[in-house]
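Below is one structure, written out as structure tokens; comments come after it.
Every number here is computed from the coordinates shown, using simple stated rules; none is lab data. Since this is a predicted model, take the numbers as computed values, not measurements. Methodologically, a virtual Cβ is constructed for each residue, glycine included, from the backbone with ideal geometry; neighbour enumeration extends over all protein chains shown.
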Number of protein chains: 2
Amino acid sequence: MALDHALLVALRERPGSGYELARRFDRSIGFFWTATHQQIYRVLRRMQELGWVRAEVVPQDARPDKKVYEVTPAGAAELQRWIAEPVEPEPVRLALGVKVRAAAFGNAKALREEVARQRDRHAQRLDLFQQIEKRDFPDPRRLGPQASAQYLVLRGGIMVEKGWVDWCEEAIGVLREMEAGQ
Amino acid sequence: MALDHALLVALRERPGSGYELARRFDRSIGFFWTATHQQIYRVLRRMQELGWVRAEVVPQDARPDKKVYEVTPAGAAELQRWIAEPVEPEPVRLALGVKVRAAAFGNAKALREEVARQRDRHAQRLDLFQQIEKRDFPDPRRLGPQASAQYLVLRGGIMVEKGWVDWCEEAIGVLREMEAGQ
DNA sequence: GTCCGCATGTAACTTGTTACATGATTTA
DNA sequence: TAAATCATGTAACAAGTTACATGCGGAC
């Protein structure tokens, strides 16, 4: 149960409504933590009951009212506590890995095409991340704490995507040979 | 819902009981797909109802009987079908990423220590994978289809772990600076 | 006049986790 | 005599997904 904490971080970086958070989860934060709006609303309500966030209803004209959430001192304390907790290893789930091993029994061609699509997807994402890096962090040596945390996470994303692209290339080669023998 | 297919792959590689599969999921297959025994039993039963696997009760002396499962032709066909299906991007959940951004608001020291532990964990795992590589795949150029699929997945694991180790090193540096300013 | 964006939600479902239960045999 | 291994399972719960509902305003 860490969506709670992901939301706390997001709200500490900038208060916002559930809707607004959902959009952020489609972009920046969503690069390393995903959530749908239903989940977000549910967790926000629970955190409000726990006193970790407080909501202020902001009336708007020409738009529905919104509830802007912000982190309370209790929420900030919870975040501090949680940081110190050990991270248990997250469950691994590499569908492509399963498929590769499945392809040993046939249909390597279909998988090779799929892997090629995945490679393109990851390459695209890598490109996006590198653009963000260039645009937002041209001089990474002097950054404030918030910015350097964001930069670090971005660097992680870049590493992951690079790894995927390389692996897909390797996989395509192996699958092509497998294909020849099927 | 891909535990089904992970189990089909595992059973095609070698038939076995639920218990035996659970142990495999703690080792080889578990490196890229995790599952507990409860989940495995549940899914096996469902797949039997669907006709994807069939079970044979094997009486044993000095041990409880076991049900050895194997993949039926219908199960094999399902696997072929599934391979060709596009892999939708798996939800990203990087707790460490969230924590790094949380650490911008305090407690960077606790996180740095935790990241160091993570680095060690990943380094250990990397070492394990590299040992397996050396032991089981000394000459990767001539492998049968099953072995080359296994090798490819292992290579993926090695890449991922290397990436993590590097990232953790980077993170420790950044957190140390953050710490100095908190 | 239809679709998109803003804004919040309910309900039903699937998947995954945790705790517990049983019972024999081998190992320390 | 306590523990670990083999072997299968139930029950309760937590987390995440999908589908649906509402309603206004602006853009095309």
**Request:** Starting from one equal scatterer on each C-alpha and no solvent at all, send me the Debye-based log10 I(q)/I(0) for the protein assembly as shown at q = 0.09, 0.13 Å⁻¹, two decimals.
**Result:** -0.62, -1.12
**Request:** Assuming R0 = 35 Å, can you tell me the calculated FRET efficiency for the pair B:Glu169 and A:Asp26, based on Cβ-Cβ distance, to the nearest 0.05?
**Result:** 0.70
**Prompt:** Which distance in nm do the two modelled labels at A:Ala147 and A:Asp120 give, with both placed 7 Å along the Cα-to-Cβ direction?
**Reply:** 3.7 nm
**Message:** Ordered shortest first, which distances in nm separate the 7 Å Cα→C-beta label point of A:Glu90 from those of the other copies?
**Reply:** 1.0
**Asked** How far is helix A:145-180 tilted, in degrees, relative to the longest principal axis of the Cα atoms in chain A, given as a value from 0 to 90 rounded to the nearest 10?
**Response** 20 degrees
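Given the -39500 (n - 2.57) contribution per DSSP H run of 4+ residues, what per-residue ellipticity at 222 nm results for chain A, rounded to the nearest 500 deg cm²/dmol?
-21500 deg cm²/dmol
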**Fill in**
Checked against the positive end of the charge dipole of segment A:88-182 (+1 on Cβ of Lys and Arg, -1 on Cβ of Asp and Glu, about the Cα centre), the farthest of A:Pro91, A:Ala116, A:Gln131 is A:Gln131
**Request:** Can you quote the Å³ per residue value for the convex hull of the Cα atoms in segment A:130-182, rounded to an integer?
**Result:** 69 Å³
**Asked** When the Cα atoms of segment A:1-82 are enclosed in a convex hull and the volume is divided per residue, what value in Å³ results?
**Response** 91 Å³
**Message:** Is there a quick way to get the dipole size of the protein assembly as shown? I mean about its Cα centre, with the Cβ of Lys and Arg at +1 and of Asp and Glu at -1; what is the value in debye to the nearest 20?
**Reply:** 160 debye
**Complete:** Over 30 Å (Cα to Cα) among A:Lys162/B:Lys134; B:Lys66/B:Lys134; B:Lys109/B:Lys162; A:Lys66/A:Lys162; B:Lys66/B:Lys162; A:Lys99/B:Lys66 -> B:Lys66/B:Lys134; A:Lys66/A:Lys162; B:Lys66/B:Lys162
**Asked** Once you charge only the Cβ atoms, +1 for Lys and Arg and -1 for Asp and Glu, what is the size of the charge dipole of chain A about its Cα centre, to the nearest 20 debye?
**Response** 220 debye
**Message:** Could you tell me how far the Cα centroid of segment B:61-90 sits from the Cα centroid of segment B:6-46, in Å?
**Reply:** 9 Å
**Request:** Provide an ascending nm list, one decimal, of label-point separations from A:Asp26 to the equivalent residue in each further copy; define each label point as 7 Å from Cα along Cα→Cβ.
**Result:** 4.4
**Prompt:** How far, in whole Å, is the nearest Cβ of chain B from the axis relating it by rotation to chain A, and which residue carries it?
**Reply:** B:Gly163, 2
**Request:** Let me have the relative contact order for chain A, percent, based on Cα pairs under 8 Å that are six or more residues apart.
**Result:** 20 percent
**Prompt:** Across 10 Å bins from the origin, how do the percents of Cα pairs in chain A run, short distances first?
**Reply:** 8, 26, 27, 22, 12, 4, 0
**Listed residues A:Ala76, A:Val160, A:Ile172: farthest to the positive end of the dipole of segment A:36-182 (Cβ charges)** = A:Ala76
**Asked** Once amide H atoms are placed 1.01 Å from N in the peptide plane, what residues at a sequence separation of 5 or more from B:Gly16, or on another chain, have their amide H within under 5 Å of its amide H?
**Response** B:Tyr69
**Request:** Could you point to the residue in A:Val100, B:Ala103, B:His37 farthest towards the positive end of the protein assembly as shown's charge dipole, with +1 and -1 charges on the Cβ of Lys/Arg and Asp/Glu respectively?
**Result:** B:His37
**Message:** How far, in nm to one decimal, is A:Glu179 from itself in the other copies if the label point is set 7 angstrom along Cα toward Cβ? Shortest first, please.
**Reply:** 5.1
**Asked** If you place +1 on the Cβ of every Lys and Arg and -1 on the Cβ of every Asp and Glu, how big does the dipole about the Cα centre of segment A:82-182 come out, in debye to the nearest 20?
**Response** 180 debye
